[in-house]
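Working notes, beginning with the structure itself.
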Amino acid sequence: MTKLKTQSLKKKGSDLAQSNRQLEILSNGIFQNGELPTFKDKISETSQFPLKAKKLEILQINVGYMCNQVCEHCHVDAGPDRKEIMTRETMQQCLNVIKNSGAHTLDLTGGAPEMNPDFRWFVEEAAKVGIKDFIVRSNLTIIRANKKYYDLPDFFKKHNVHVVSSMPHWTRGKTDKQRGDGVFDKSIKALQELNAVGYGMPDSDLRLDLVYNPSGAFLPGDQMAMEKDFKKALMEDFGIQFHNLFAITNLPISRFLDYLIASENYEDYMYQLVDAYNPSAVANVMCTNTLSVSWDGYLYDCDFNQMLELPVNSKAKHISEFNEELLEGRNIVISQHCYGCTAGAGSSCQGVVA
Amino acid sequence: MSKTYYDPADLRKFGKITEWSEELGNKFFEYYGKVFEEGALSAREKSLIALAVAHTEQCPYCIDAYTKDGLQRGVTKEEMMEAIHVGAAIKSGATLVHGVQMMNKVNKLDG
């Protein structure tokens, strides 16, 4: 029987629910005593400091931290007990930006974004703008969590939403270990339902991609090899098809940081990240073309900085103050967690970058 | 000096062997890297072979390294354990097949 998390770090009153505590850990110890170089020092070696934002391409909106799952490694510390939810007013401000910005991709995330009471309204309104790639990051189990969500595959199809879903492994044991008992079976059922309406079929425009992130204190393997293994296993065992697999590195923040420390893997993991540092991944890290919007409308360089409460280094700090010119060329705010996006082939919400 | 023969942190320093014999060290690591590339065998298959051999060689560094490597490649714990049994079977088979030599000798001397 897998031991499950049932509460967020915040609900438990954990020290690590505090972003300043996380940042302290990431700045002290092996990064203070000179054992390992800081991320700033590392990117300075190749004259890539300060890291600068390029033209905005992806607007990633976190519509709330509430989730039906309490995953072992969630960087959002999401769960049923999180009450931070984006209001329709903030969504309207986001829509104004979507209409006027040059971003070609809209990426909705959470929590489980579908749990926001205004989620469907927001999707309908955003779909009208005609953005090129409209992503919803769905945890899959939400589709089977309650009758009111059963029609989500049809709803996604109607609005031509690009579904990106988490799937830690093609086996039940490894998936449930990370995401909770029963998650694998529900995810399989949800994937079959998405396939049934046309998602993930080889020639279908209805995009269905999976996100793989490791179930423990190790880095993801080669994205293409993993994709091949996932496709083979899911097809053979369940007749499931999908388009691409994004291999994403777990960043050492929030619940994953808590896990690393509790399992005495923190230092080894940071060594792995630093050893796997790839300078050519730096140029394409997602913070350089993405803007992350929090549930309350504040702007961040990425979802991870959002969780660490490191706001953008710009006069425009809120979606209501959005100004593409002010934000372009801003210095990206960095800390040691950034090593997670530059290890190996690099890592972003769209998978490898190098 | 360390009080134990093996220190897990030494694995990270493996590359340093090159410092005292640069040419040979570099040649070894170049060969090592090449061996584990995709070839007629997949990198995943090679990783499992390495894990089995790591056990028969009883090298703690290699066991750590190829357990982690397997996890990174999505190898399951069942696959890892089966690979180790392959190594164990060859080890025990290699012992037992010498039993024929013993039998031959007995038959010659006392048959």
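The values are calculated or read from the model by the stated rules, or taken from the named source; none is laboratory data. Since the model is a prediction, treat every value here as computed from it, not as a measurement. Virtual Cβ from ideal backbone geometry, glycine too; neighbours counted across all protein chains shown.
Screening the candidates A:S320, A:S347 for the property of being crowded, with 20+ Cβ neighbours inside 10 Å and closer than 25 Å to A:L106 by Cβ yields one hit, A:S347.
When A:G344 is tested against (1) at pLDDT below 95; (2) in contact with a helix residue (DSSP H, G or I) (Cβ under 7 Å, 6 or more places away or on another chain), only condition (2) is not met.
Residue-wise test of (1) surrounded by 19 or more Cβ atoms within 10 Å (Cβ to Cβ); (2) of a type in the set (S, T, N, Q).
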{"residue": "A:D203", "(1), (2)": "no, no"}
{"residue": "A:Q223", "(1), (2)": "yes, yes"}
{"residue": "A:L251", "(1), (2)": "yes, no"}
{"residue": "A:E267", "(1), (2)": "no, no"}
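Which count do you get for residues in the range A:201-255 that are away from chain B (no Cβ under 14 Å) and among the charged types (D, E, K, R)? Adding up the residues that qualify gives 6.
Filtered by the rule that a residue be out of contact with any Leu (no Cβ under 7 Å at 6 or more places or on another chain), part of a loop (DSSP other than H, G, I, E, B) and farther than 19 Å from A:N68 by Cα, the range A:163-212 gives A:H169, A:T171, A:V197, A:M201, A:P202, A:D203, A:S204, A:D205, A:L206, A:R207. For the range B:22-29, the count of residues that are out of contact with any Asp or Glu (no Cβ under 7 Å at 6 or more places or on another chain) and under 22 Å from A:G221 (Cβ atoms) is at least one. Return yes or no: is A:A281 surrounded by fewer than 23 Cβ atoms within 10 Å (Cβ to Cβ) and touching a Cys at 6+ places or on another chain (Cβ under 8 Å)? Yes: the conditions hold for A:A281.
Looking at B:S21, B:S42 in this structure, which one is surrounded by 13 or more Cβ atoms within 10 Å (Cβ to Cβ) and either within 14 Å of chain A (Cβ to nearest Cβ) or at pLDDT 95 or above (or both)?
Step by step, each of B:S21, B:S42 is checked, and only B:S42 is surrounded by 13 or more Cβ atoms within 10 Å (Cβ to Cβ) and either within 14 Å of chain A (Cβ to nearest Cβ) or at pLDDT 95 or above (or both).
Considered as a group, the residues in the range B:47-99 that are more than 14 Å from chain A (Cβ to nearest Cβ) and of a type in the set (D, E, K, R) include one that is farthest from A:D222 (Cα to Cα), and that residue is B:K91. Tell me whether the range A:179-191 contains one or more residues that are at pLDDT 95 or above and within 13 Å of another protein chain (Cβ to nearest Cβ). No.
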